[in-house]
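Okay, so here's the structure we're looking at.
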Amino acid sequence: MGRIVAIVGRPNVGKSTLFNRLVGERKAIVDDMSGVTRDRHYGKAEWIGYEFTVIDTGGYVQHSDDVFESAIRDQVKIAIEEADVMLFMVDVTTGITDLDSDFAALLRKSKKPALVVANKVDNNERIVDTAEFYSFGLGEVFPLCSISGAGTGELLDEVVERLRALPPTAAEETLTDVPKVAIVGKPNVGKSSLVNALLGEDRNIVTPIAGTTRDTIHTHYKAYGHEYLLIDTAGIRKKGKVTEDIEFYSVIRAIKAIEECDVCVLLIDATQGIESQDLNLFHQAEKNGKGIVVLVNKWDLMEKETNSAKTYEETIKRKTAPFTDYPVLFVSALEKQRIYKAMETIGAVYTNLSKKINTHQLNEVMLPIILATPPPAYKGKYIKIKYITQLRTKVPSFAFFCNLPQYFKDPYKRFLENKLRENFDFSGTPLRIFFRKK
């Protein structure tokens, strides 16, 4: 189940470097100046078969130095509230600073699992220097050199152990066989209006399922012959919290919802188009193997030409390529336009997500296609695919058994994926393709 690990700490202790190492991508811009990290900072990490999401809190401070420290403090508070395990990063070369002590106090008070990570430990003398961090009272200190990666293994073992020990989440405990649908998007795109429109006059049974305070609201939706558990990330902010960094807050919220759901509904504002934040959420859902439906809200406000919807859809799909096989619907939450259609589409995508194709049918359709367009030879060797089967996984996954699995290149993998999509309806679902030795 989706768990979140947040890397917290003051600027320049190496949070982004550790993040890149855990997620395996050079995503952040890493530089020695304070507050250089600007990229969106969340990704999947996997260790000994356990997957979780890592968030680097460093990328969210967008103010000048005077507001800098209070903004970082706010983020740490949000991270403590929303994440399951904290990695509290300190720098062994500078020792304990006042800001470090403040963070340690916040973490101690929170009672959430927090691991102290002492960075820049690249020789034995520095291991001795890590002893002072025990004074935080947060238990064991993990020495690490995030640039070389030394010490990462021991840290990850402990992280996974802590995550496995956690009690099940609200979503895991409720209505297991009802499709879980998350509605995500940037602040103010109309998530609340959409939920209200859905739960409006036609509601049959609406039971708010209590999560913890300020947890994402899970609402049981049953109407028009559809039954879903809606995970709504909108509008659950206590009045006094409005000062915190809204964007960072909404990102963490959205990620939690994506982790918990089966189908992710990405709501975008027609007047703004699809922006980088939307794309980040889209790719996060795709990486997590969730069903995806894109709803373009506020379509009633747009000037229409004859083919404006078609052009608009093409623009969106160009930006999310290579994954383009998902439904895009143009709705208006306020006017309640095409909302019922949206519910039907979500149902169809959920069905596609759990679709199983029998091996006989799969081979009957795919083998002639492969015969007609075989994989290109590699270093004079011919690659032969013998047969295909669908694996028993949550995300539709296919194993192609062949003689030389190591020689397959991405373009051919995409070709196979496209042929699977053309012949079997997998609209809205990411597909996974594996090559195995016969």
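The values are calculated or read from the model by the stated rules, or taken from the named source; none is laboratory data. Just so we're clear, the structure is a prediction, and the values are computed from it rather than from any experiment. FYI the Cβ positions are ideal-geometry reconstructions off the backbone, even for glycines, and counts take in every protein chain you see. What goes into the accessible areas is simple: the full protein's heavy atoms, side chains included, and nothing from ligands, DNA or RNA. Shrake-Rupley method; radii C 1.70, N 1.55, O 1.52, S 1.80 Å.
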Sole miss for A197 among (1) modelled with pLDDT under 75; (2) touching a Lys or Arg at 6+ places or on another chain (Cβ under 6 Å) is condition (1)
Of all residues making up segment 400-438, the number that are closer than 29 Å to V263 by Cβ and polar (S, T, N, Q): 4
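The rows are residues; the columns are (1) open to solvent by 20 Å² or more (accessible area, probe 1.4 Å); (2) more than 23 Å from T429 (Cβ to Cβ); (3) at pLDDT below 90; (4) of a type in the set (S, T, Y).
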| site | (1), (2), (3), (4) |
| --- | --- |
| K298 | yes, yes, yes, no |
| T315 | yes, no, no, yes |
| K319 | yes, no, no, no |
| L329 | yes, no, no, no |
| Q337 | yes, yes, yes, no |
Open to solvent by 20 Å² or more (accessible area, probe 1.4 Å), free of Cβ contacts under 8 Å to residues at least 12 places away in the same chain and assigned to a loop (DSSP other than H, G, I, E, B): does that describe P374? yes
What pairs can you find where one residue is in segment 137-150 and crowded, with 18+ Cβ neighbours inside 10 Å, the other is of a type in the set (A, V, I, L, M) and assigned to a loop (DSSP other than H, G, I, E, B), and their Cβ atoms are less than 8 Å apart, with a gap of 6+ or different chains? P143/V92; P143/V121; L144/V121; C145/V121
Give me the pairs, please: first residue somewhere in segment 71-82 and under 15 Å from R3 (Cα atoms) and open to solvent by less than 20 Å² (accessible area, probe 1.4 Å), second residue anywhere and modelled with pLDDT under 80 and assigned to a helix (DSSP H, G or I), beta-carbon distance under 7 Å, and either six or more positions apart or on two chains. A79/T57; E82/I252
Which residue pairs have Cβ atoms under 8 Å apart, sit 6 or more places apart or on different chains, and have a first residue in segment 1-15 that is under 13 Å from T93 (Cβ atoms) and a second that is in a strand (DSSP E or B)? N12/D91; V13/M89; V13/V90; V13/D91; V13/N119; G14/M89; G14/D91; G14/N119
May I ask you to verify whether A285 is within 19 Å of V251 (Cα to Cα), in a helix (DSSP H, G or I) and of a type outside the set (V, I, T)? yes
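Residues are listed down the side, and each one gets a yes or a no for (1) part of a loop (DSSP other than H, G, I, E, B); (2) among the basic types (K, R); (3) within 25 Å of I48 (Cα to Cα):
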{"residue": "K109", "(1), (2), (3)": "no, yes, no"}
{"residue": "I127", "(1), (2), (3)": "no, no, no"}
{"residue": "T130", "(1), (2), (3)": "no, no, no"}
{"residue": "F133", "(1), (2), (3)": "no, no, no"}
{"residue": "V159", "(1), (2), (3)": "no, no, yes"}
Quick check on V251: is it modelled with pLDDT of 65 or more, within 19 Å of R338 (Cβ to Cβ) and buried (at least 23 other Cβ atoms within 10 Å of the Cβ)? no
